[in-house]
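Notes follow the structure.
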Protein chains: 2
Amino acid sequence: MSTTSGRPRRATVHDVAVVAGVSRGTISRYVNGDPYVSASARHAIEAAIAEVGYVPNTAARHLVMQRTETVAFIVHEPHSLFIEDPNIGGILLGANAALSEADHQMAVLIIDTERDTERVAKYLSGGSVDGAIIVSARAYDPVARVVERLRLPAAFVGHPPGATSAAFVVIDNRGSAHAITERLIGTGRRRIGMIAAALDRDSGSERLAGFADALGDRYDDNLVERVPLYSYSAGRDGMNALLDRAPDIDGVFAASDAVAAGAMEALRAAGRRVPEDVGVVGFDDSAWARRTLPALSTVRQPAEGLGRQAATLVLEQLRGDITPREVLLESEIVWRESA
Amino acid sequence: MSTTSGRPRRATVHDVAVVAGVSRGTISRYVNGDPYVSASARHAIEAAIAEVGYVPNTAARHLVMQRTETVAFIVHEPHSLFIEDPNIGGILLGANAALSEADHQMAVLIIDTERDTERVAKYLSGGSVDGAIIVSARAYDPVARVVERLRLPAAFVGHPPGATSAAFVVIDNRGSAHAITERLIGTGRRRIGMIAAALDRDSGSERLAGFADALGDRYDDNLVERVPLYSYSAGRDGMNALLDRAPDIDGVFAASDAVAAGAMEALRAAGRRVPEDVGVVGFDDSAWARRTLPALSTVRQPAEGLGRQAATLVLEQLRGDITPREVLLESEIVWRESA
DNA sequence: TTGTAAGCGTTATCAG
DNA sequence: CTGATAACGCTTACAA
């Protein structure tokens, strides 16, 4: 008499229990793989579950278990980067794969506005997730602080902000810088310089160290220009400074692809051809690398690996394992036409 | 005496009630913005909440309210597309923005393997979300079916598979095809053809219709080559066929960027210059569009708008509003060098 | 091996 | 305006 549409009521353990003719406790034990369930009960329950279409209610489960089997994936990136940087998609996919294999959910939280920050902080505090993967947190990121206050098992992709004891996964900046500089040397360049950026960050100083490692005795500090940011304009300015100081320069390692793009612009303005007169290499394999003409030889981040590792780190903490605080991932060189 | 570390126990309404000296019911009313809370109670509660650091437990809330204020964002795309297609990131961001404004969470569910399909179906059935946004579902997508069986308020980005009554948001394929063809005409081409693809899909037939609309009397069916797929090779073959039939062709509207890229390859092989001899335009503004040489003039999907609209559609259904079943979004033309 | 019953932390109804 | 108290659907001792 009373059916308008409306959503179908979900079957509960109780319904299954009635149909199967056993108690709710037994249903629960069956569902959770408890070995102490007789074969006969098992059969009855299986049939009943199929009949009523039972699926355990997540909220009830979370409430009583105090666990959600969900890990947050928090991205705090400017809008444009999220869309354009292929790395972020790869990290996401890698993390999803690892979590999925461990039967965990991934809750992607995008922080795009002030309002989002607050909402996410509340979400985390509300116990909706067991752990968190944090991509590119800002210094003094409020979200990172919430994670720390909650003692939420977490792993950062990239260096965590401040002096947390949090686990993190990073690429081997020094080793990769060393490797790409070596390849640049291999092209026969004799006067190789570097536009070093962001030396106040680990990534920046390590890339410079790797450059120096590769050059060894031939390292000439006069061929290193230090700029503040990983930016296009810093690259342009840096290259101009280098060109002033050492007009015979024939190879440049730029600390990032954006810097490299700026440097190439300066070289073009100065009438130097790339790669004929000057070889240029970058770092990151970001969208910049494909936009330059010629396309940039650069260091590709193992994006999926970073995501996978970060997820693994969180899962291990959840399991109570002792986990490394820091994981270094080797990255790959993509050789295109700029050197 | 007893403190090893371990996670701090979360404060509950009960704790707040004790500190504030009122009942749990009153706390709950305050937290949920019920107006029937005296000023004195309010003050006491505010202080108590701050003191004990209370944040409502999400699971308990969900359980009793039978709502989660969470909307799933389901992506079912091949791996590579997820990373490379800038549209998907935009849709995600747009949906997040709309949901965030309505104080809802977005749970991003990526389906990458068989296992994922199952996990996601379970997740949805478990009542973890109030609604779903589905991007690019497959025909007979099991997830789409679960959504339908659950009568979960949903919105598709793109045409929903099968004959569901689900709401969806699409771009105006016909109008956009009309517009870009018109611009191609505007460049002075006299013999304009089309490589029409996927005519068994709405998007395919509508793009052809838009092309015909723009040409009006000048439409010549002999200049239309029909190919099965939106693919590079179909584009190459289609162009070759067109070149055979009408060697004097000087303009081509390809049904997608991939098709356009294939067509350009065929033109190059035939010794025709683009855009000097033949103008080419595509559709989608996918990664292909920037890879061709010269870069492709094409139709850009309003990605963020699609995501925002889809989210809005779901939120409206949640609110019980009567919602449109279909939303058409106008898209934008990106004029580059290929025509 | 199974049933019973006590919570998990909220919200909501209903008297006061 | 406020306090009890009964759900919400599940897991988990504890008894049997």
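The values are calculated or read from the model by the stated rules, or taken from the named source; none is laboratory data. Values in this document were obtained by computation on a predicted structure and should not be read as measured data. FYI the Cβ positions are ideal-geometry reconstructions off the backbone, even for glycines, and counts take in every protein chain you see. With ligands, DNA and RNA removed, areas are computed over all heavy atoms of the protein, side chains included. Shrake-Rupley method; radii C 1.70, N 1.55, O 1.52, S 1.80 Å.
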Assigned to a loop (DSSP other than H, G, I, E, B), over 30 Å from A:Ala59 (Cα atoms) and more than 14 Å from chain A (Cβ to nearest Cβ): does that describe B:Gly162? yes
Condition check for A:Arg325: open to solvent by 20 Å² or more (accessible area, probe 1.4 Å) and modelled with pLDDT of 90 or more: no
Residues that are at pLDDT 85 or above and farther than 14 Å from A:Asp116 by Cα, drawn from segment A:130-143: A:Asp130, A:Gly131, A:Ala132, A:Ile133, A:Ile134, A:Val135
Test of understanding: among A:Ala167, A:Ala179, A:Ala154, which residue is assigned by TED's automatic domain parsing to the domain that holds A:Val280 and touching a residue at least 12 places away in the same chain (Cβ under 8 Å)? A:Ala179
Go through segment B:93-130 and give me each residue that's closer than 20 Å to A:Ile110 by Cβ, more than 7 Å from chain A (Cβ to nearest Cβ), part of a helix (DSSP H, G or I) and touching a residue at least 40 places away in the same chain (Cβ under 8 Å). B:Gly94, B:Ala95, B:Ala98, B:Leu99, B:Val120
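Yes/no per residue for (1) under 27 Å from the mean Cα position of the chain (by Cα); (2) open to solvent by less than 50 Å² (accessible area, probe 1.4 Å):
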residue	(1), (2)
B:Ala167	yes, yes
B:Arg189	no, yes
B:Gly193	no, yes
B:Glu206	yes, no
Can you spot a residue in segment B:289-307 that is among the acidic types (Asp, Glu), over 30 Å from B:Asn96 (Cβ atoms), touching a residue at least 24 places away in the same chain (Cβ under 8 Å) and surrounded by 16 or more Cβ atoms within 10 Å (Cβ to Cβ)? no
A:Asn87 versus (1) buried (at least 18 other Cβ atoms within 10 Å of the Cβ); (2) at pLDDT 90 or above; (3) more than 16 Å from DNA strand C (Cβ to nearest atom): which is the lone unmet condition? (2)
Those residues of segment A:8-66 which are in a loop (DSSP other than H, G, I, E, B), within 8 Å of DNA strand D (Cβ to nearest atom) and touching a residue at least 12 places away in the same chain (Cβ under 8 Å) amount to A:Arg10, A:Ala11, A:Thr12, A:Tyr54, A:Val55, A:Pro56, A:Asn57
How many residues does segment A:39-61 contain that are within 13 Å of DNA strand C (Cβ to nearest atom), open to solvent by 40 Å² or more (accessible area, probe 1.4 Å) and either assigned by TED's automatic domain parsing to the domain that holds A:Ala97 or not charged (D, E, K, R) (or both)? 4
